[in-house]
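Visitor: Got a structure here, written out as structure tokens. Questions coming.
The values are calculated or read from the model by the stated rules, or taken from the named source; none is laboratory data. As the structure is a prediction and not an experimental result, all values here were calculated from the model. Note that each Cβ is placed from the backbone with ideal geometry, even for glycine, and that neighbours are counted across all protein chains shown.
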Amino acid sequence: MPFFTQDLRNAIKSLEQYRARAISPHHERYSFPFFSGTYFSYRKIDVRRVVSIATAVNKSPSYLDVGCGYGDFLKRVRELLPGAEGMERDASIFYSLGIEKQDYIVISDAHWIDKRYDVIFVAWMEPGQDYRDPIAKSTDVIITTLDQGISLSAEFDGHGFDCVAHWRTPSWEDVNIEIMNKFYTKMSGDKRAELARMRGAHNLWYAYARPHVAVRVKNALQAQLAQEDPRDRYDFESVLDECGFGYLQKLENPAASEPLWQVNFD
């Protein structure tokens, strides 16, 4: 549902207060993901995986990020795919606060996609909203990232797509909990260590493809993994490491059994 202007202004005020006492300039992207980050956490390797899939379909692929918000992840993708576009349904997040909307972001929703794209990226669907049919009609490759158990309408099994691969990362909330426990409370080290053993990672990434392009997508992702270098990273990735969400780290929580960022092929 659209945000109320006063709610947005109150949130901005809270962010300004947070910045005044924040220990790291990177913490706000997880504590205030709406304004400063995304509802999922990511590394540069995630961006490169997405781009490798897109360029496997077309050397100069068309790419749409549905529900892109202010375009944090999209901006990173555009560094490698300059023609990538975004779609955000709520104009108020820009205009009510005087925030500049980039030309590559259109105000609309997925029911009104009016052309085909080589790849569509879907990071979030509001509860009660289901755009799977119009998205499925508009592409042969879909990449989704969803909060486990919440955004299940972002799963495209049964819409003519094969699930080619998936991997797990922490959600913004997973990271925010660790940030608060580690840096902004007076919790004892023993208590923090006890809670860390229950640490979860609830964000799931899926790469879907129509059967006729599924092999290309799989091969491209495998080739990308073979040359993946976690040392090539964004500066904010240090927060993920500090909070116990390292690259290929296995959590003690049995609910997240596979190592983080490990790609599993279906």
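Visitor: Quick check on this structure: which one of Ala201, Ala136, Ala165, Ala196 is more than 20 Å from Phe34 (Cα to Cα) and under 18 Å from the mean Cα position of the chain (by Cα)?
Guide: Details: Ala201 fails: more than 20 Å from Phe34 (Cα to Cα); Ala136 fails: under 18 Å from the mean Cα position of the chain (by Cα); Ala196 fails: under 18 Å from the mean Cα position of the chain (by Cα).
Of the residues listed, the single one that is more than 20 Å from Phe34 (Cα to Cα) and under 18 Å from the mean Cα position of the chain (by Cα) is Ala165.
Visitor: With respect to the numbered conditions (1) surrounded by fewer than 13 Cβ atoms within 10 Å (Cβ to Cβ); (2) under 20 Å from Tyr30 (Cα atoms), which one is the sole condition not fulfilled by Trp261?
Guide: Trp261 satisfies all of (1) surrounded by fewer than 13 Cβ atoms within 10 Å (Cβ to Cβ); (2) under 20 Å from Tyr30 (Cα atoms) except (1).
Visitor: Select from region 70-83 the residues that are part of a loop (DSSP other than H, G, I, E, B) and either touching a strand residue (DSSP E or B) at 6+ places or on another chain (Cβ under 6 Å) or basic (Lys, Arg) (or both) and list them in ascending order.
Guide: Start the filter on region 70-83 by keeping residues that are part of a loop (DSSP other than H, G, I, E, B), which leaves 70-71, 79-83.
Gly71, Leu81 - these are the residues of region 70-83 that are part of a loop (DSSP other than H, G, I, E, B) and either touching a strand residue (DSSP E or B) at 6+ places or on another chain (Cβ under 6 Å) or basic (Lys, Arg) (or both).
Visitor: Return yes or no: is Val51 aliphatic (A, V, I, L, M), assigned to a helix (DSSP H, G or I), surrounded by fewer than 23 Cβ atoms within 10 Å (Cβ to Cβ) and more than 12 Å from the chain's Cα centre (by Cα)? If you could, list the steps in order and put the result at the bottom.
Guide: Working: aliphatic (A, V, I, L, M): yes; assigned to a helix (DSSP H, G or I): yes; surrounded by fewer than 23 Cβ atoms within 10 Å (Cβ to Cβ): yes; more than 12 Å from the chain's Cα centre (by Cα): yes.
Against the criterion (aliphatic (A, V, I, L, M), assigned to a helix (DSSP H, G or I), surrounded by fewer than 23 Cβ atoms within 10 Å (Cβ to Cβ) and more than 12 Å from the chain's Cα centre (by Cα)), Val51 qualifies.
Visitor: Could you tell me whether region 9-21 includes any residue that is among the aromatic types (Phe, Trp, Tyr) and not in a helix (DSSP H, G or I)?
Guide: Step one: filter region 9-21 for residues among the aromatic types (Phe, Trp, Tyr), giving 18.
Retained after the next criterion (residues that are not in a helix (DSSP H, G or I)): none.
Among the residues of region 9-21, not one is among the aromatic types (Phe, Trp, Tyr) and not in a helix (DSSP H, G or I), which makes the answer no.
Visitor: Note down all Cβ pairs under 7 Å where the first residue falls in region 53-77 and is in contact (Cβ under 8 Å) with a residue 60 or more places away in the chain, the second is among the basic types (Lys, Arg) and surrounded by fewer than 24 Cβ atoms within 10 Å (Cβ to Cβ), and they're at least six residues apart or on different chains.
Guide: Ala56/Arg216; Val57/Arg216
Visitor: If you check Ala91, Ala84, which single one turns out to be at pLDDT 90 or above, exposed (fewer than 14 other Cβ atoms within 10 Å of the Cβ) and among the hydrophobic types (A, V, I, L, M, F, W, C)? Give the steps one after another, and end with the answer.
Guide: Details: Ala84 fails: exposed (fewer than 14 other Cβ atoms within 10 Å of the Cβ).
Only one candidate qualifies: Ala91.
Residues are listed down the side, and each one gets a yes or a no for (1) more than 17 Å from Tyr234 (Cα to Cα); (2) touching a strand residue (DSSP E or B) at 6+ places or on another chain (Cβ under 9 Å):
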{"position": "Ile23", "(1), (2)": "yes, no"}
{"position": "Phe34", "(1), (2)": "yes, no"}
{"position": "Gly37", "(1), (2)": "no, no"}
{"position": "Pro61", "(1), (2)": "yes, yes"}
{"position": "Glu88", "(1), (2)": "yes, yes"}
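Visitor: Same structure, new question: Identify, from the list Leu240, Leu248, Leu260, the residue that is part of a loop (DSSP other than H, G, I, E, B), within 18 Å of the chain's Cα centre (by Cα) and on the phi < 0 side of the Ramachandran plot. Before you say what the answer is, go through the steps one by one.
Guide: Numbers: Leu240 fails: part of a loop (DSSP other than H, G, I, E, B); Leu248 fails: on the phi < 0 side of the Ramachandran plot.
The match here is Leu260.
Visitor: Can you work out which of the residues in region 1-42 that are touching a Leu at 6+ places or on another chain (Cβ under 7 Å) and under 17 Å from Asp241 (Cα atoms) is surrounded by the most Cβ atoms within 10 Å (Cβ to Cβ)?
Guide: Within region 1-42, the match that is surrounded by the most Cβ atoms within 10 Å (Cβ to Cβ) is Ser41.
Visitor: Among the listed residues Lys186, Lys218, Lys191, identify the single one that is among the charged types (D, E, K, R) and under 30 Å from Ser138 (Cβ atoms).
Guide: On the way: Lys186 fails: under 30 Å from Ser138 (Cβ atoms); Lys191 fails: under 30 Å from Ser138 (Cβ atoms).
Matching residue, one of Lys186, Lys218, Lys191: Lys218.
Visitor: Turning to a different aspect of this structure: Go through region 246-265 and give me each residue that's in contact with a Lys or Arg (Cβ under 9 Å, 6 or more places away or on another chain) and at pLDDT below 95.
Guide: Correct list: Leu251, Glu252, Asn253, Ala256, Ser257, Glu258.
Visitor: Within region 84-200, which strands (runs of 3 or more DSSP E) (wholly inside it) include 2 or more residues that are hydrophobic (A, V, I, L, M, F, W, C) and touching a residue at least 40 places away in the same chain (Cβ under 8 Å)?
Guide: Working: elements: 85-88, 105-107, 119-122, 141-147, 162-169.
Hits in region 84-200: 119-122, 141-147, 162-169.
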